[in-house]
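Structure record follows, encoded as structure tokens.
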Amino acid sequence: MDLKALYREVILDHYKAPRNTTPLVQPDRQADCRNPSCGDKIKLQLKFDNDRVSEVAMLGNGCAISQASASMMTEALKGKTFAEIDRVVEEFRAMIVNGSTEFDRQVLGDLVILEGVAKLHARVKCAMCGWSALDAALHGDGSDVNLDEDREMPASSRG
Ligand code: ZN
């Protein structure tokens, strides 16, 4: 099995059996993201113990890329501080949205499996849906994100 086939397997596995899908009771932070152009919806919930993520949940439905990306994201968040999460988000954005090859593989860990999405412009928003919910949960007022109105995305990923 080549690497691409292996990556596809991992993505499909997360899609079929997404991790951390039990809703949290009284989450400390949460936000929703919608990506209407594809029909993806993700709610992200977080609980913190001191300044580290103790529990995380992602609830939603949509295409394989959106669900797998969010599922893999939840795995990456556990035990991390706000600052550490920001670092992962920054590197993930560089990889997926900017299509950079300079991202930090050590910070991203297993998330590098999603690198190929950067070349599939129509799927970039799908891959970012869970991450946009995360960003809104941490830095926004908790209000929902609609990726069709997201001006941060590069023009090439629209439509
Ligand atoms: Zn999608």
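A few notes on this one:
- The listed residue being touching a strand residue (DSSP E or B) at 6+ places or on another chain (Cβ under 8 Å) and within 16 Å of the ligand (Cβ to nearest atom), out of 52, 34: 34
- Selection over the stretch 114-129 of residues that are farther than 13 Å from residue 38 by Cα and either of a type in the set (A, V, I, L, M, F, W, C) or within 10 Å of the ligand (Cβ to nearest atom) (or both) gives a count of 4.
- Considering the stretch 82-131, the residues that are of a type in the set (Lys, Arg) and in contact (Cβ under 8 Å) with a residue 60 or more places away in the chain include one that is surrounded by the most Cβ atoms within 10 Å (Cβ to Cβ), namely 125.
- Residue check, residue 134 among the aliphatic types (A, V, I, L, M), surrounded by 20 or more Cβ atoms within 10 Å (Cβ to Cβ), under 19 Å from residue 32 (Cα atoms) and more than 16 Å from the ligand (Cβ to nearest atom): yes
- If only residues of the stretch 66-81 that are hydroxyl-bearing (Ser, Thr, Tyr) and away from the ligand (no atom under 16 Å from the Cβ) are counted, the one that is surrounded by the fewest Cβ atoms within 10 Å (Cβ to Cβ) is 81.
- Scanning the stretch 42-65 for residues that are surrounded by fewer than 18 Cβ atoms within 10 Å (Cβ to Cβ) and aliphatic (A, V, I, L, M) yields a total of 1.
- 1 or more residues β-branched (Val, Ile, Thr) and either modelled with pLDDT under 95 or over 13 Å from residue 133 (Cα atoms) (or both): qualifying strands (runs of 3 or more DSSP E) within the stretch 1-92: 52-61
The values are calculated or read from the model by the stated rules, or taken from the named source; none is laboratory data. Worth saying up front: this structure is predicted, and the values here are computed from it rather than measured. Neighbour counts are summed over all protein chains in view; Cβ atoms, including those assigned to glycine, are modelled from backbone coordinates with ideal geometry.
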